[in-house]
Structure formats: C-alpha cells, structure tokens
Amino acid sequence: MPTVATMLMLDRLAQKRSDEAFIKSQLESPSARVLLFADLKPVVRSNADRTESKIAWFSPAELAEFKLPVADTLFLGSDANAVPHFALAVTEHRTRHVPGAVEKLRPIVDLRSLAMQGSMPPEELSLCGMARALAQWHENARHCGHCGGQTRVKDGGWKRRCWACGLEWFPRVDPVVIMLITDGERCLLAHEHRYGDKMYSSLAGFIEPGEDIAHAVRREVFEETGIKVGEVTFQDSQPWPFPHSLMLGCIGRAETTELTVDTTELADARWFSRTEARQMLDRTHPDGLHAPGKQAIANLLIRRFVDGT
Ligand SMILES: [Zn+2]
C-alpha cells in the first residue's frame, strides 16, 4: 500500500539495525519522530470533514511524558534529511489514561478506512502500512513457535529472539495472488459476501507451500469458479498490511468460460464486457455495480484489461 509502486520515503538502514548504540542514538536524536498506533490504528490530524488526514508525529520525549513505553519503539528508518522515524504500538486502553488524551491522542482511524477514503498522502499511507504490518507481527510473535518460550525484541524491532532456546524470528510477509481472468473479450469479477455493497473485484487467494505464482492463480480460480486458466502473466505487486500480505497482481487467460461458483467463498462471480468493466471503474454502471478504487491493485488490473494494455 498504496497503489502498486511502493513509495519508499525512508532509508530503512537495515545494515545498522543490530547496532543497539546506533538505534539508541537515533531515538535520542532531537529530530526523532514517532508514529503512534492505538489498537493498530494510527493517531492522525484531520481537517473538519475528515477528507484530509496526516500522521500525528510525536517526539520520544512527549511519549515518555504520556508514560507510554518509548523503549518498545520500532525503528522504521531515516528520511533524506537524516530524521529518524519510529513507530510505537500500544493498546487504546493505555492511551485513555494519558491526561488530555482526547486532544493529543485522537482521532485514531482504521488504516483500511484511510486507504479506502484516499484521505492520507500516499507516502504517509505507505509508511503507516509498513509500521502496522510490523507492529501486528510483534503482537503475534510474543512466544517462540518452537519451544513456547518468551521472545524479546531485537534489531530495532526487525527480529525477535527466543529467551529460552535462542531461535530467531523475523517479520513475516504472506504472499497473495490477485488475478484478473479474461477470455479476451470479457473479464471475470467476483462479489464476496464480506463486501456488503455492489463491489465486484478480481479473485484472490493465499499462495500455498510448494506453489509458484502461476500455479496458485490456476488453483484458486478453478476452486472458486471452475474456470481453467492457461497463460498467467505477472503485472505488479503491492504490500497490503492487513495483516501483512504482499499482493502479487496477475492477468490470466481463461481456457474455459462456464462458471461453477463456490458459494461458500463467493456471493457471485460473472463475466463482464470491457464496456461494463469501464463503467464499474467510473462508477457509471446502470446497476450501480462498481470496482475497487485506485488504492487497490485490482483497480490497476481491471484498468489494464479495459485499456487493452
Ligand atoms: Zn524457543
């Protein structure tokens, strides 16, 4: 996140993460800034109608004043002006006890909503996505998957080490294929039960162990719609921090067209003409059907089909 080309505004300085003195010096820098999450929702500053939101940056000293655990900050990297950037994730409950919390530590906004609304600048959204994915991994990696011992944060938040058996654990990324299937004239789009409105999007699914991208595309499409897919071409990728996926965008060529929709997975799946797909992108479809917005890689895939590129 956001759309496709990841906007790397920070140098992650990965080669320096294991240097504890360096991380400490970055945190003590007068210019250091911290992005705060409460229940994995970033604290933002918004305009009155909330059409524009920006990250509410805090200094480590401010967070210490709020009695928040500054030592648990995650090092994100440095920008072009050598300003160190950190993230800190705490529970919403913990922020409630900060004096003046309502003015200082609100609003907190669900990151998916910020992405959907397009109210946050793309480079800030990208940064929030990176930090959220990392913070959520920490939430779920407190114990060693091997021996059950407690793990401790290392390398500025980019590693955890088991206190009991010494095994090291690294932030995980889950690869997901997302594919627009076409028979040449039409594209296959699906409506999932969870969408709750008239949105249709491309099919998607997790890659399983032992699969390559093309195999995962063919398996998922066949399982969900009964369509056999031939040629698969990779198009582009996009980090998607819910919780920590990497979307691998593909276009696949259908070898069959008769649909057998798996209704436990999908509410509906249909073939749409180029004209209809364009209307869904433009939100002018006569039945009110629409495609995902520009923040989603599905939008790019559908657009490439519509434009014939
Ligand atoms: Zn262990």
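The values are calculated or read from the model by the stated rules, or taken from the named source; none is laboratory data. Fair warning: this is a prediction, and the values are worked out from it, not measured in the lab. Using ideal geometry, Cβ is built from the backbone for each residue, glycine included, and neighbour counts are taken over all protein chains shown. We work out accessible area using only protein heavy atoms, side chains counted, and drop any ligands, DNA or RNA first. Shrake-Rupley method; radii C 1.70, N 1.55, O 1.52, S 1.80 Å.
Taken over the C-alpha atoms, segment 172-265 has Rg and Dmax values of 12.9, 38 angstrom.
Normalised by 2.2 N^0.38 Å, with N the number of residues, the alpha-carbon radius of gyration of the chain equals 1.12.
Would you list the P(r) distribution for segment 14-139, with all Cα-Cα distances sorted into 5 Å bins from 0 and each bin expressed as a whole %? Taking all Cα pairs of segment 14-139, the binned fractions are 2, 11, 22, 24, 21, 14, 6, 1, 0 percent. In this calculation the C-beta distance from residue 65 to residue 138 is compared with R0 = 22 Å, giving a FRET efficiency of 0.40.
What's the longest piece of the chain with no exposed GluC sites (Glu not before Pro), counting a site as exposed if DSSP puts it in a loop and it has at most 13 other beta carbons within 10 Å? The longest such stretch corresponds to 1-184. Among 125-134, 141-150, sorting by the average number of other beta carbon atoms lying within 10 angstrom of each residue, highest first, gives 125-134, 141-150.
Taking Lys and Arg as +1 and Asp and Glu as -1, the other residues whose beta-carbon sits under 15 Å from that of residue 103 total +2.
Please report the antiparallel percentage of DSSP beta bridges with both residues in segment 174-307, rounded to the nearest 5. Of the beta bridges lying entirely in segment 174-307, close to 70 percent run antiparallel. Think of each Lys and Arg Cβ as +1 and each Asp and Glu Cβ as -1; about the Cα centre, that makes the dipole of segment 14-139 roughly 160 debye.
Close amide H partners of residue 290, meaning residues 5 or more places away or on another chain with modelled amide H under 5 Å apart, are 199, 200. Past the 25 Å Cα-Cα mark, which pairs from 16/41; 41/294; 104/154; 16/294; 16/67; 24/67? Where the Cα-Cα span goes over 25 Å, the pairs concerned are 16/41; 104/154; 16/294; 16/67.
Accessible surface computed residue by residue for the chain, with neighbouring protein chains in place and a 1.4 Å probe, gives 50 Å² per residue. Based on alpha-carbon centroids, what's the gap between segment 43-91 and segment 256-309 in Å, whole number please? Using only Cα atoms to place each centre, the spacing works out to 38 Å. Suppose R0 equals 25 Å; then what is the FRET efficiency for residue 234 and residue 185 from their Cβ-Cβ distance, rounded to the nearest 0.05? Computed FRET efficiency for residue 234 and residue 185: 0.65.
Residue by residue, segment 182-191 carries 3J(HN,Hα) couplings of 9, 9, x, 10, 10, 10, 9, 10, 10, 10 Hz when phi is fed to the Karplus relation 6.51 cos²θ - 1.76 cosθ + 1.60 (θ = phi - 60°); x denotes Gly or Pro. When peptides 232-245, 291-304 are sorted by average Cβ neighbour count within 10 Å, with the highest value leading, the order is 291-304, 232-245.
Dividing the summed helix terms, -39500 (n - 2.57) for each DSSP H run of n ≥ 4, by the number of residues in the chain produces a 222 nm estimate of -7500 deg cm²/dmol to the nearest 500. Tally up the carbon and sulfur contribution to the accessible surface of the chain as a whole percent, 1.4 Å probe, everything protein left in place. Its accessible area is 51 percent carbon and sulfur atoms.
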